[in-house]
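The values are calculated or read from the model by the stated rules, or taken from the named source; none is laboratory data. Only a predicted model underlies this, so the values are computations on that prediction, with no experimental measurement involved. Neighbour counts are summed over all protein chains in view; Cβ atoms, including those assigned to glycine, are modelled from backbone coordinates with ideal geometry.
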Amino acid sequence: MEVTFLGTSSAVPSKNRNHTSIALRIPGEVFLFDCGEGTQRQMAIAGISPMKVTRMFITHLHGDHILGIPGMIQSMGFRGRQEPLEIYGPPGIHELHESIMKLGYFTLDFDIHVHEVKGGTVLEEEDYRITSAPASHSVFNLAYCFEEKKRPRFLREKAIELGLKPGPAFGKLHRGIPVRVGDRIIKPEEVLGSPRRGVKICYSGDTRPCESVIDLAREADLLIHESTFEAGSEDKAAESGHSTAREAAEVAASACVRRLILTHLSTRYKRTEVILNAAREVFPETDVADDLMTVEVKADDSGSSA
């Protein structure tokens, strides 16, 4: 799966950094985490079709995280979308949707389902789950966590030894469904290997360092954490409900994540070395996101990711 940073600026966009949005591409779906102004244009440059977006996850209702939603919805309508769109967000997301539907004249041939989130499990599907936790910002903000459900490896030779022939029965067993061979029931655990850990990705939204994000991101393969300020600006960060690069790195270290990527940078920083170096002093596996940067995240056979 791939993570593409569509916008990496904080409240004000710059020549090189658009408002916040992150695309997560998994097989058959694209998820958007936040949708700042200009997101659909960034998607066009990145080669990601808005028509593939099935779900949006909004961290909070500040303008730099939501003002791209109206244009995105109307563009979907212009292109003839018919599949439903799911939008998840904090309290107030229903009122936001109602306001969006009153902006200008347009028609939609698809349904929009809006879900209010306060924390906990957001949704659970066969192949993944998404959970959330309140973070610490100047307004209510949600951090989100995507976790892949990776099935144990199917032991083909073992299945054949038990009398199974390659075919639909293999798939049923791999999905956890027992099958009958003659007068015997073969259970999934007889032909499945050890459990495997899937990919885990956590996105903080806008936040101060806090235990809820640390807990949510525990042992994540990738933590995407805001870094609005450089180290030494802790007072400014605390006053505005944001984090410094060093503080974000401390969160990553406390959560024992494998990799940290910093985003939501203030336009005052024309060069990112000061941000990156301060974070790497605490957490070496740190990078700073640039607009349109894509990162591949995948799991290997041992359950680790890269």
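A few comments on the model shown:
- Failed criterion for Lys165 (all others in (1) without any contact (Cβ under 8 Å) to a residue 12 or more places away in the chain; (2) among the basic types (Lys, Arg); (3) assigned by TED's automatic domain parsing to the domain that holds Arg208 hold): (3)
- Residue list for segment 128-139, filter: surrounded by 15 or more Cβ atoms within 10 Å (Cβ to Cβ), part of a loop (DSSP other than H, G, I, E, B) and out of contact with any helix residue (DSSP H, G or I) (no Cβ under 7 Å at 6 or more places or on another chain): Ser136, His137
- Screening Arg208, Arg218 for residues that are surrounded by 19 or more Cβ atoms within 10 Å (Cβ to Cβ) and within 30 Å of Glu285 (Cβ to Cβ) leaves exactly one candidate, Arg208.
- Cβ-Cβ under 9 Å pairs, at least 6 apart or on other chains, segment 238-249 side at positive phi and modelled with pLDDT of 95 or more, far side among the β-branched types (Val, Ile, Thr) and surrounded by 24 or more Cβ atoms within 10 Å (Cβ to Cβ): Gly241/Thr207
- Residues (surrounded by fewer than 22 Cβ atoms within 10 Å (Cβ to Cβ) and more than 12 Å from the chain's Cα centre (by Cα)) located in segment 12-28: Val12, Pro13, Ser14, Lys15, Asn16, Pro27, Gly28
- Restricted to segment 105-145, and to residues there that are more than 30 Å from Lys172 (Cα to Cα) and among the hydroxyl-bearing types (Ser, Thr, Tyr), the residue that is nearest to the chain's Cα centre (by Cα) is Tyr144.
- From the list Glu147, Glu211, the one residue that fits, being touching a residue at least 40 places away in the same chain (Cβ under 8 Å), of a type in the set (Asp, Glu) and within 21 Å of Cys256 (Cβ to Cβ), is Glu147.
- Residues located in segment 171-191, provided they are within 33 Å of the chain's Cα centre (by Cα), surrounded by 14 or more Cβ atoms within 10 Å (Cβ to Cβ) and more than 24 Å from Ile26 (Cα to Cα): Pro188, Val191
- Segments classed as helices (runs of 4 or more DSSP H), wholly inside segment 30-100, with at least 2 members that are in contact (Cβ under 8 Å) with a residue 12 or more places away in the chain and in contact with an Asp or Glu (Cβ under 7 Å, 6 or more places away or on another chain): 93-100
- Pairs with Cβ under 8 Å, 6+ apart, first in segment 287-298 and on the phi > 0 side of the Ramachandran plot and touching a residue at least 60 places away in the same chain (Cβ under 8 Å), second among the aliphatic types (A, V, I, L, M) and surrounded by 15 or more Cβ atoms within 10 Å (Cβ to Cβ): Leu292/Leu6; Leu292/Ala46
- Scanning segment 35-55 for residues that are in contact with a helix residue (DSSP H, G or I) (Cβ under 9 Å, 6 or more places away or on another chain) and closer than 16 Å to Ile112 by Cα, we see that the one that is surrounded by the fewest Cβ atoms within 10 Å (Cβ to Cβ) is Met51.
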